[in-house]
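Read through the structure below, which is laid out as structure tokens, and then see the notes.
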Amino acid sequence: MNPELDEVVWQAWKAMELPEGYRAEIVEGVIEVSPTGRLSHALVVNRLRSALEVFLRGSEHGAWNSMHVIHAHSAWIPDRSVAPRDMEPAEVEDDLGIKASAVQVVAEVVSPGKSNQDRDRIRKRREYARAAIPAYVLIDDYDGQGAVTLFTGPRPDKADWEDIHRVPYGTDVTIPEGPAKGFVIGEAITGPKRG
């Protein structure tokens, strides 16, 4: 990585003004602009949000959306994240978003199209590992007949994960640790197996 180029990209991202319905992220040093998701995407994200809110009720953590997660001149907008409800100033980056170090879980629901799929399956997978976020949940309608992959044990030095657990839709996967420990991702969130 080139620190000078990272700073230029960071400043360009901060200065961007996008039309309503679009969002910009910095993923692996590149500004990526994308529209908000389709109805099928929104349905899964909404079910995930609702289930996490119920699961985390009464805890110090909450389910966040539409908030930038910032790490080393990268800025992502996960479909869902789990972070403290009341953030300390040290957890916030210039009022632009939360620092990745405060985030315990990120979740992405894959959108159609190779570019979107590569962003969530490959580039964000590496970015979230580099940031040492403890768990990454990938809900993917386009993986076979639908699959959920849970990544845990981030390896920042390798930009990868120790444990990768992939299950087809219709099979439950459970977050093993942290504030969302015991949270189950299953058909109630993903919908039934496709095909």
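Among the residues of the stretch 25-54, the ones that are more than 18 Å from Lys181 (Cα to Cα) and without any contact (Cβ under 8 Å) to a residue 12 or more places away in the chain come to 3 in all. Taking the numbered list (1) acidic (Asp, Glu); (2) modelled with pLDDT of 95 or more; (3) surrounded by 15 or more Cβ atoms within 10 Å (Cβ to Cβ) in turn, Glu60 passes all entries but (3). In summary, helices (runs of 4 or more DSSP H) completely within the stretch 79-195 and bearing 2 or more residues that are surrounded by 20 or more Cβ atoms within 10 Å (Cβ to Cβ) and β-branched (Val, Ile, Thr) occur at 187-190.
Restricting attention to the stretch 4-30, which residues are within 20 Å of the chain's Cα centre (by Cα), surrounded by 11 or more Cβ atoms within 10 Å (Cβ to Cβ) and not basic (Lys, Arg)? Those that are within 20 Å of the chain's Cα centre (by Cα), surrounded by 11 or more Cβ atoms within 10 Å (Cβ to Cβ) and not basic (Lys, Arg): Trp10, Trp13, Tyr22, Ala24, Glu25, Ile26, Val27, Glu28, Gly29, Val30. When each of Glu108, Glu162 is tested for being farther than 21 Å from Glu32 by Cα and acidic (Asp, Glu), the lone residue that passes is Glu162.
Within the stretch 55-78, the set of residues being free of Cβ contacts under 8 Å to residues at least 60 places away in the same chain, outside any strand (DSSP E or B) and aliphatic (A, V, I, L, M) comprises Met67, Ile77.
Every residue, every condition in (1) in contact with a Lys or Arg (Cβ under 6 Å, 6 or more places away or on another chain); (2) over 30 Å from Leu5 (Cβ atoms); (3) buried (at least 17 other Cβ atoms within 10 Å of the Cβ), yes or no:
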{"residue": "Val33", "(1), (2), (3)": "no, no, no"}
{"residue": "Asn46", "(1), (2), (3)": "no, yes, no"}
{"residue": "His71", "(1), (2), (3)": "no, no, yes"}
{"residue": "Ala75", "(1), (2), (3)": "no, no, yes"}
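How many of the residues making up the stretch 143-162 are within 17 Å of the chain's Cα centre (by Cα) and not polar (S, T, N, Q)? Residues meeting the conditions: 11. Scanning the stretch 1-32 for residues that are part of a strand (DSSP E or B) and over 22 Å from Pro156 (Cβ atoms) returns Tyr22, Arg23, Ala24, Ile31.
The values are calculated or read from the model by the stated rules, or taken from the named source; none is laboratory data. None of these values were measured; they are calculated from a predicted model. Methodologically, a virtual Cβ is constructed for each residue, glycine included, from the backbone with ideal geometry; neighbour enumeration extends over all protein chains shown.
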